[in-house]
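Encoded as structure tokens, the structure appears first; notes follow it.
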Amino acid sequence: MPSPTFQNYIDGQWVAGKTFENINPADTSDLVGEFVSGTAADMADAVEAASRAFPAWSAMPAPARGALLYRVADGLERKFDQLGEEMTREEGKTLPEAKGEVRRAINIFRYFAGEGSRMPGPVVASERDRVHMWAQRKPVGVVGLITPWNFPIAIPAWKMAPALICGNTIVVKPASVSPLCAWRIVEACREAGIPKGVVNFVAGSGATLGKALIEAPALRAVSFTGSCGVGEWLHAEASKRRLRIQLEMGGKNPTIVLADANFEQAVENTVNAAFFSTGQKCTATSRVIVEGAIYDRFLKALVARTKKLKVGNGLEAGIDIGPAVDQSQLETNLRYIEIGRKEAGEPSCGGHRLTGGDYDKGFFVAPTIFANVTEKMTIAREEIFGPVLSVMRARDFEDAMRIANEIPFGLSSSIQTSNISRVFEFVEQAEAGLLTVNLPSAGVEYQLPFGGSKDSSFGPKEQGPAAMEFYSDWKTIYLKY
Ligand code: NAP
């Protein structure tokens, strides 16, 4: 059977062109689909279409926009199982993880659909007689949304839904290795009856389309999630035009394990945060900082638990960890493992590509733990974005906090402890936007602000009520009656 071709969606039309392949990283003989590789001209057309659609969409009452977003959520729900399987095939994460992410995308659409009926704005008392004053939200205009491959449905959803409910029109540029999930949301938007031009989709080369997007005259804002290098370039270009910009980028997230922690739970949380989704979560733990008193025992238990993880094709039952997303990420993982060998010696487990049998069909790496990692080592400082964990020793809580904070990133940070005072000290001192206590560092919900600090992020937070800040502006009104 020929593989399906997924076209770009511009001004309510499917647009054809040259294609590129979307391949299953667990089985490279499985072609998920062909996607049209958009050109700079396609991107320019998409921004113009969004600009034409803006007046009518932004004038529609927000609850009516919300009603359409509820229909998008219903459309995704109808394809729930299919979407989960497609995500596992294009990104590699296990089927339960993929279905959990589809559920989250549906919930996000419903959450922001509801915001359409609220759209709160302050009404406050004036100092002047017979003056009524209030502020109301207004949309920004055409917004470009550039998304990464690792959460291929949740991230497009958490940008698209708040952008649309606020009355903006959008152009979505998905990651080239996993564009299908975002395409499915766009399909659901079309089927829900969102008017032409409001939602546009252009897949293809990030460099070509990113440049065309940022140069499009009608563009007003860009929301980007991805690597620091691309984020920095976008920020520099957007600043030249004073475009509104939001960046969510890399991390090197710590989990601190204190001697008083629930030991078994701390092991489980660390393994989950470091290795699930193949370590390809921006909030994954890549450094576990363990108090000296339990260091040896913890390392032993961590290695024993990690060795039990089943790596394989995420579509199969019982698999804990899928493949790296593509050849390039596989090579990055193996390169950092070699750097780790030179810096910290032989890993305590893993340290190689998995081969033989079905492993030869995909990009599988054994979950890898390096012990005795110290602060200056490259593997303790640079984002790897794979199943590679550095174990670091701390003298005490203060030393652990110092190590945790001594990096340029600030996305997520976690502590495992039963000492409530330590918990509050951690909350006060941790230099990160997302904190967890006695939970894995990864695994957030959509109802609260999401985003990092330091070099990990720039601009207003995503998700929860905070998401409205980036996608809207205020209009303040003073009225004499
Ligand atoms: P990436 O290479 O930066 O790509 C992200 C997106 O940007 C893709 O759609 C990519 O398109 C596009 N792009 C590439 N070059 C571009 C350019 N010059 N101009 C505009 N867009 C361009 O990142 P990734 O490898 O997909 O994702 C992994 C990174 O994302 C990690 O660093 C991870 O920490 C970060 N991340 C952060 C968060 C967070 O919330 N902080 C969440 C998830 C992931 P192509 O695919 O066509 O290259």
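Summary of values
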read-out	value
Hey, Ser328 within 16 Å of the ligand (Cβ to nearest atom), small (Gly, Ala, Ser) and open to solvent by less than 50 Å² (accessible area, probe 1.4 Å) or not	no
Filtered residues of the range 130-152 (kept if closer than 17 Å to Cys166 by Cβ, within 29 Å of the chain's Cα centre (by Cα) and either open to solvent by 20 Å² or more (accessible area, probe 1.4 Å) or not assigned by TED's automatic domain parsing to the domain that holds Ala59 (or both))	Arg137, Lys138, Pro139, Val140
Close pairs from the range 356-373: first over 23 Å from Ile23 (Cα atoms) and assigned by TED's automatic domain parsing to the domain that holds Arg335, partner of a type in the set (Lys, Arg) and surrounded by 16 or more Cβ atoms within 10 Å (Cβ to Cβ), Cβ under 9 Å, at least 6 apart	Ala371/Arg393; Asn372/Arg393; Val373/Arg287; Val373/Arg393
Only one of Arg110, Arg184 that is charged (D, E, K, R) and within 30 Å of Gly229 (Cβ to Cβ)	Arg184
The one condition in (1) open to solvent by 10 Å² or more (accessible area, probe 1.4 Å); (2) within 16 Å of the ligand (Cβ to nearest atom) that Glu127 fails to fulfil	(2)
Test: residue in the range 426-433 that is part of a strand (DSSP E or B) and in contact with a Gly (Cβ under 7 Å, 6 or more places away or on another chain)	no
The range 99-143: number of residues that are in a strand (DSSP E or B) and either among the aliphatic types (A, V, I, L, M) or closer than 26 Å to Gly84 by Cα (or both)	8
Test: residue in the range 187-195 that is surrounded by fewer than 24 Cβ atoms within 10 Å (Cβ to Cβ) and within 13 Å of the ligand (Cβ to nearest atom)	no
Some residue of the range 215-222 being part of a strand (DSSP E or B), within 15 Å of the ligand (Cβ to nearest atom) and within 17 Å of the chain's Cα centre (by Cα)	yes
Members of the range 223-262 that are open to solvent by less than 20 Å² (accessible area, probe 1.4 Å), part of a strand (DSSP E or B) and away from the ligand (no atom under 13 Å from the Cβ)	Pro254, Thr255, Ile256, Val257
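The values are calculated or read from the model by the stated rules, or taken from the named source; none is laboratory data. Since this is a predicted model, take the numbers as computed values, not measurements. As a convention, Cβ positions derive from the backbone with ideal geometry for all residues, glycine included, and neighbour counts pool all protein chains shown. In case anyone asks, the SASA skips ligands and DNA or RNA and just uses the protein heavy atoms, side chains included. Shrake-Rupley method; radii C 1.70, N 1.55, O 1.52, S 1.80 Å.
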